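Only one structure is covered here, and it is reproduced in the block below.
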Amino acid sequence: MQDTRNNPWPESVSGPIVFIVDSINRTEKRLLEDAIRKHQPAGATYHVVHRQLRQAKRSSARTNTQLLELTKSNDNPYFVPIRICWQTRSPQNIAGISLRDLVTGNREYPGWIQQQLRLRKGSDSHTITVGNGASLEQLKESCSQHVLKHGGTENLVKFIDRSAFLAIEKVERKTKGARYKIPQLLSDEVIRKPSVIKALTELSQSSGRSMDSLIKEAKLCLDEMSAKPTTLGTDLFAALGRFMYTRGFDKNIDYADGDIERIRKLLAEKPVAFLFTHKSHIDGFLLMTIFHDQNLTPLHLFGGINMNMPGFGLLMRRSGAIFIRRSFQNDAVYKIVFKNYIDYLGEKRFPLMWALEGTRSRTGKLMPPRYGLINYVVSAYMRDDAPDLILMPVSIIYDQVPEVADYDAIQAGGKKRPESASWFMEYISGLKNPHGKIHVRFGEGVTISEHLDRSSPTPQTRDIQKIAFELAVDTNNVTPITVNSLICYVILEHGHKAITFNELHTDIQELMQLINMLGFSTTTDVQNLDEAGIRKCLLELDTTGVINTFNDGIESVYMLPMDAGRTAAYYRNGLIHFFITSAIADLALLAVSETGDDAIAQFHNEALKLRDMFKYEFFFEGSSAFIVLLERELDQRAPEWRDSVKQGAKATRKMLTGIAPILGHGTLRPFIEAYLVLARALRMQAVGEISDQKQLINHALTLGKQRVLQKRIHCEESVSGSYFENAIKIAENQDLLKAGDDAVAGRQRWLEELRAISANVRFLASIADAKRLAVRTQLEQ
C-alpha cells in the first residue's frame with residue numbers, strides 16, 4: 001500500500017471497507033468523501049466513520065455507536081484510516097513557518113480560511129494520507145495481545161481509534177518529516193508499561209497502599225512532569241526562536257561539515273540526550289528551532305517546575321518541555337514514573353536536552369557540569385535490555401552575547417536583574433544590535449555503556465563524575481575558536497595600551513600558526529580569515545563597546561576601554577582551553593634551576609603544581625596524560641626544548657625567547673592576579689576562621705578596583721567574582737580559611753607563592769614585548 005496518495009482504496013480486499021476519516025471540519029470531510037467516491041471500485045461496499053483522532057475528546061457519541069456496531073459485524077470488515085495532508089513544504093525545505101504564518105493560520109494543519117486559499121491554488125495543495133489498514137479479526141487479535149502484555153482491560157472501539165491514529169501518524173511523518181514526530185497516547189504508553197505495574201505492585205506490597213491509589217498518583221505525576229507537544233506548539237516555539245536569533249545574528253548558522261547528517265543518522269539508531277553549553281537565554285530557543293528547521297526529531301527540554309508559569313509554561317509544554325521537581329529522592333511514585341517516562345522517550349527515539357552546566361556561564365568558559373540530570377537520566381537506562389544511551393554535548397558559540405553587559409556587572413559585584421515579562425521584552429528589543437554569527441558544534445558523544453556496570457541497580461557517583469568529565473572534555477574539544485576570541489586575546493594581552501592594525505594582525509597570525517600546527521577547532525570564518533574579516537569584526541566589537549577605535553591619528557589604533565576587561569575576556573575565554581597546556585609549559589619552564597634529568601623532573605613538577613592550581617578553572621586529564629600532552633605540544637613549538645632544559649636556567653630562558661607565540665602571560669595572568677588579590681584580601685582578614693565568604697569576595701572586589709587604579713594589576717578582568725570564588729576553593733583546599741597559627745602562616749606562604757608566579761608572568765610578558773619592539777624597529781629602519 002502506498003504511504004501517501006490520492007487513491008484511498010486498499011488493494012486486494014474483498015470484504016466491506018470501513019474508512020475511519022480523521023477530519024476536523026466540513027471541508028476536510030467533503031474532500032475525503034469525494035476521494036473515496038471517486039476511486040470506488042464497481043460493486044465495492046464501504047462505510048465512512050468520521051472520527052476526530054487528533055482531538056479524541058470531540059468524537060461524538062453517534063460515531064462511537066456507529067463504530068461499535070461495525071465491530072459486531074460478521075463480515076470481518078477492513079478498517080482503513082485516512083486524513084488530509086496539507087502541503088506547505090517538503091521535509092527537505094528548512095524554511096520554517098514564521099510567526100506571521102501562525103497568526104494567519106498558515107501552518108501544518110491550517111485553519112478553514114487557509115484551507116480555502118490553498119484549494120484555490122490547485123489540487124497540489126493537499127494529498128490523501130492513507131494509514132495501513134487491518135481487518136476486524138486482526139484488530140481483535142491485536143487488542144487481546146495488548147491486554148496480555150499490559151494487563152487490565154481494553155475497549156475495542158478505543159483500541160481501533162488508537163491503532164488508526166498511530167498508523168496514520170506514522171505514514172504522515174514520511175511526508176511531513178521527523179519534525180512532527182511527537183509522543184501519542186502518553187498515559188497509556190507509560191502508566192501501563194509492565195515495569196511500571198511491577199514497580200507499583202512492589203510498592204503497594206511494601207507500603208500497604210492500594211494499587212488504585214498508586215496508579216492514580218502515578219498519572220498525576222506523569223501529567224505534572226510530561227511534555228505534551230503538538231504540531232502547533234512546535235511550530236510556534238520554533239518560529240519564536242527563529243524570530244529571536246535572526247534579529248541580531250546572521251540567519252545562516254555555522255555548522256561543522258557533516259554534523260547535521262551525522263546527528264540525523266544517530267537519532268534514527270539510538271536514544272540520544274543533548275547537553276548544551278549555556279551562554280544566553282537564546283540557547284534553548286535556538287536548538288529547538290535548529291532541530292525543527294533541519295527536520296530532526298523534536299527535542300524534549302528539561303526545565304524546573306518553577307518555569308511552569310501561566311502562559312509561558314503552557315507554550316513550553318506544548319513544544320516539548322518536561323517540568324521536573326527540584327528534588328524527588330524521597331518520592332517513590334514520582335521516581336518510578338520519571339524513570340519509565342525517560343525510558344519510554346528513549347525507546348521511541350525522542351531526544352532529550354538540558355544545559356550541561358545547569359546555568360549560564362558568566363565568564364565565557366565552560367563551567368563544571370551538573371550531575372543531577374545526568375544521574376537521573378542515566379539511571380533510567382540501568383538495565384541489561386535498555387537501548388544504549390548516547391550523551392551528546394552541543395557547543396553553542398556566539399560571536400557576541402547579548403547578555404554580556406549583565407554578566408560584567410555581576411562579576412564586578414552587582415546583582416542579577418530580576419527576570420519578568422517587561423525584562424523579556426526589553427531583552428528581545430536589545431537583540432537588534434549586530435552580534436555576528438552563531439556557531440554550533442556537536443561533540444563525538446559519550447556512550448554510557450562504556451562507563452557503567454548495568455548489573456548495578458543505580459550508577460555509582462564515580463561513574464557519573466567520569467561521564468561528566470568526558471562530556472566536558474568533548475565539549476571543549478569541539479568548541480571552535482572564533483575571530484572575536486582571537487582579537488580579544490590579543491587586545492587583552494596588551495591591556496589598555498592601543499595597538500595598530502598591523503600589530504594586531506601580526507599577533508593573530510602567530511596564534512593562527514600555532515592553532516593550525518596543533519590542529520585546534522576553528523569556525524569557518526577563522527579558516528578563511530583575511531584582513532577584511534578582521535576589520536569587519538573590529539567594527540562590530542567597536543559598535544557594541546567591547547573595544548575602542550581611535551581614527552584621528554596617523555593610523556587607526558585599537559584598545560581595550562576602561563572597565564571593559566571582563567567583557568572582552570568573555571569572548572577570549574572561549575579559546576583559552578586550547579592554550580592552557582602550552583601556557584602552563586611556558587610558566588613552568590621559568591622554574592627550572594637544575595640541570596640534566598633533574599631539570600626535566602623539576603619542569604614536570606612545576607607544571608603539575610600549576611595544573612593543580614588551575615583545576616577549578618579548566619578540565620585536565622590525569623597527571624601522566626597531562627605531561628604527555630604538555631611534552632607533545634612543546635615538541636611542536638620548540639623541538640629542541642629538552643636539550644635546553646637540561647642545560648639549566650640560562651639556556652631555558654634563551655629558548656623561551658625563540659618560541660612564538662608565548663602563551664603563559666596572555667592566558668594565565670588574569671587568573672593568577674585574581675588569586676593574588678584574593679590572597680591579599682585573605683591575609684588582611686582577622687586571625688579567626690573565615691565564615692562569610694561573600695564578605696571576603698566583596699573585600700577582594702574593593703581591593704582589586706584599587707589595584708587597577710594603581711596599575712598594580714594588568715586590567716580589571718582580574719577583579720571578577722567568579723575568579724575569586726575559585727580562588728577561595730584553592731584556599732579551602734589548603735585549609736587557609738580556618739582559625740589558628742597554621743592557617744595564618746599558610747595564608748602568608750600562599751601569598752608569597754602567588755607573588756613569585758606573578759613575577760614570572762610579567763617576565764613572560766616582557767619577553768613578548770621585547771620581541772614585538774625588535775620587529776617594529778626592524779620595520780622602521
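Based on what the data block shows, is GLN695 surrounded by fewer than 22 Cβ atoms within 10 Å (Cβ to Cβ), farther than 13 Å from ALA727 by Cα and within 35 Å of the chain's Cα centre (by Cα)?
yes
Scanning for something over 18 Å from ASP769 (Cβ atoms), modelled with pLDDT under 95 and aromatic (Phe, Trp, Tyr), does segment 554-573 turn up at least one residue?
For segment 554-573, residues over 18 Å from ASP769 (Cβ atoms), modelled with pLDDT under 95 and aromatic (Phe, Trp, Tyr): absent.
Can THR667 be described as under 24 Å from GLU357 (Cα atoms), touching a residue at least 40 places away in the same chain (Cβ under 8 Å) and of a type outside the set (A, V, I, L, M)?
Taking the combined requirement at face value, the residue satisfies it.
Taking helices (runs of 4 or more DSSP H) that fall entirely within segment 507-604, which contain at least 1 residues that are surrounded by fewer than 15 Cβ atoms within 10 Å (Cβ to Cβ)?
Of the helices (runs of 4 or more DSSP H) lying wholly inside segment 507-604, those with at least 1 residues that are surrounded by fewer than 15 Cβ atoms within 10 Å (Cβ to Cβ) span 524-527, 531-543.
Determine which single condition LYS416 fails, assuming it passes every other condition in (1) basic (Lys, Arg); (2) under 17 Å from the mean Cα position of the chain (by Cα); (3) at pLDDT below 90.
Failing condition for LYS416: (2).
Can you find a residue in segment 661-678 that is out of contact with any Phe, Trp or Tyr (no Cβ under 9 Å at 6 or more places or on another chain) and among the polar types (S, T, N, Q)?
no
Can you confirm whether segment 664-683 contains a residue that is surrounded by fewer than 23 Cβ atoms within 10 Å (Cβ to Cβ) and part of a loop (DSSP other than H, G, I, E, B)?
No, that holds for no residue.
Here is a list: VAL377, VAL337. Which entry is more than 22 Å from the chain's Cα centre (by Cα) and buried (at least 19 other Cβ atoms within 10 Å of the Cβ)?
Result: VAL337 is the single residue among VAL377, VAL337 that is more than 22 Å from the chain's Cα centre (by Cα) and buried (at least 19 other Cβ atoms within 10 Å of the Cβ).
Please go through (1) free of Cβ contacts under 8 Å to residues at least 24 places away in the same chain; (2) among the hydrophobic types (A, V, I, L, M, F, W, C); (3) in contact with a Lys or Arg (Cβ under 7 Å, 6 or more places away or on another chain) for ALA409 and return the number of the only condition it doesn't satisfy.
For ALA409, the exception is condition (3).
Listed here are the residues, each with its yes/no results for (1) in contact with a His (Cβ under 7 Å, 6 or more places away or on another chain); (2) surrounded by fewer than 21 Cβ atoms within 10 Å (Cβ to Cβ); (3) on the phi < 0 side of the Ramachandran plot; (4) touching a residue at least 60 places away in the same chain (Cβ under 8 Å).
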{"site": "SER449", "(1), (2), (3), (4)": "no, yes, yes, yes"}
{"site": "GLN460", "(1), (2), (3), (4)": "no, yes, yes, no"}
{"site": "ASN477", "(1), (2), (3), (4)": "no, yes, yes, no"}
{"site": "VAL483", "(1), (2), (3), (4)": "no, no, yes, yes"}
{"site": "ILE499", "(1), (2), (3), (4)": "no, yes, yes, yes"}
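Could you tell me whether any residue of segment 346-353 is crowded, with 22+ Cβ neighbours inside 10 Å and touching a His at 6+ places or on another chain (Cβ under 6 Å)?
yes
Output the number of the condition that ARG642 fails; it satisfies all remaining conditions of (1) at pLDDT 95 or above; (2) of a type outside the set (A, V, I, L, M, F, W, C); (3) closer than 18 Å to LEU751 by Cβ.
So the condition that ARG642 fails would be (3).
Only residues that are hydroxyl-bearing (Ser, Thr, Tyr) and touching a Ser or Thr at 6+ places or on another chain (Cβ under 7 Å): list them for segment 291-308, please.
none
Scan segment 726-742 and tell me whether some residue there is within 15 Å of GLN411 (Cα to Cα), of a type outside the set (Val, Ile, Thr) and part of a helix (DSSP H, G or I).
Scanning segment 726-742 turns up at least one residue that is within 15 Å of GLN411 (Cα to Cα), of a type outside the set (Val, Ile, Thr) and part of a helix (DSSP H, G or I).
Restricted to segment 525-545, and to residues that are modelled with pLDDT of 95 or more and among the β-branched types (Val, Ile, Thr), which residue is nearest to ALA638 (Cα to Cα)?
Selected residue: VAL526.
Table: residues versus (1) among the aliphatic types (A, V, I, L, M); (2) buried (at least 18 other Cβ atoms within 10 Å of the Cβ).
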{"residue": "LYS158", "(1), (2)": "no, no"}
{"residue": "SER163", "(1), (2)": "no, yes"}
{"residue": "ALA167", "(1), (2)": "yes, yes"}
{"residue": "GLU172", "(1), (2)": "no, yes"}
{"residue": "LYS176", "(1), (2)": "no, yes"}
{"residue": "TYR180", "(1), (2)": "no, yes"}
{"residue": "PRO183", "(1), (2)": "no, yes"}
{"residue": "VAL190", "(1), (2)": "yes, yes"}
{"residue": "LYS193", "(1), (2)": "no, yes"}
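Considering GLY688, GLY740, GLY658, which residue is under 27 Å from ILE576 (Cβ atoms) and not charged (D, E, K, R)?
Exactly one residue qualifies, and that residue is GLY658.
Looking at segment 229-251, is at least one residue touching a residue at least 24 places away in the same chain (Cβ under 8 Å), farther than 28 Å from THR201 by Cβ and touching a strand residue (DSSP E or B) at 6+ places or on another chain (Cβ under 6 Å)? Break it down into steps so the answer makes sense when it comes.
The first filter runs over segment 229-251 and keeps only residues touching a residue at least 24 places away in the same chain (Cβ under 8 Å), leaving 229-245, 247-250.
Going one step further and asking which of them are farther than 28 Å from THR201 by Cβ, we end up with 229-245, 247-250.
Now drop any that are not touching a strand residue (DSSP E or B) at 6+ places or on another chain (Cβ under 6 Å), which leaves 249.
Within segment 229-251, one or more residues are touching a residue at least 24 places away in the same chain (Cβ under 8 Å), farther than 28 Å from THR201 by Cβ and touching a strand residue (DSSP E or B) at 6+ places or on another chain (Cβ under 6 Å).
Would it be correct to say that GLY436 is in contact with a helix residue (DSSP H, G or I) (Cβ under 8 Å, 6 or more places away or on another chain) and under 30 Å from LEU240 (Cβ atoms)?
yes
Looking for something β-branched (Val, Ile, Thr), over 30 Å from GLU717 (Cβ atoms) and touching a Lys or Arg at 6+ places or on another chain (Cβ under 9 Å) - is there at least one such residue anywhere in segment 294-301? If you could, list the steps in order and put the result at the bottom.
Taking segment 294-301 and keeping what is β-branched (Val, Ile, Thr), we get 297.
Next cut, over 30 Å from GLU717 (Cβ atoms) only: 297.
Restricting the remaining residues to those that are touching a Lys or Arg at 6+ places or on another chain (Cβ under 9 Å) gives 297.
Among the residues of segment 294-301, at least one is β-branched (Val, Ile, Thr), over 30 Å from GLU717 (Cβ atoms) and touching a Lys or Arg at 6+ places or on another chain (Cβ under 9 Å), which makes the answer yes.
For segment 365-410, how many residues meet the condition of being out of contact with any Phe, Trp or Tyr (no Cβ under 8 Å at 6 or more places or on another chain) and in a helix (DSSP H, G or I)?
Residues in segment 365-410 being out of contact with any Phe, Trp or Tyr (no Cβ under 8 Å at 6 or more places or on another chain) and in a helix (DSSP H, G or I): 10 in total.
Rundown of residues vs (1) modelled with pLDDT of 80 or more; (2) in a helix (DSSP H, G or I); (3) touching an Asp or Glu at 6+ places or on another chain (Cβ under 8 Å), yes/no style:
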position	(1), (2), (3)
PRO41	yes, no, no
ASN64	no, yes, no
LEU70	yes, yes, no
GLY96	no, no, yes
ARG100	no, yes, no
ASN132	yes, no, no
SER144	yes, yes, no
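The values are calculated or read from the model by the stated rules, or taken from the named source; none is laboratory data. The structure presented is a predicted model; accordingly, all values stated were derived computationally and were not measured. Methodologically, a virtual Cβ is constructed for each residue, glycine included, from the backbone with ideal geometry; neighbour enumeration extends over all protein chains shown.
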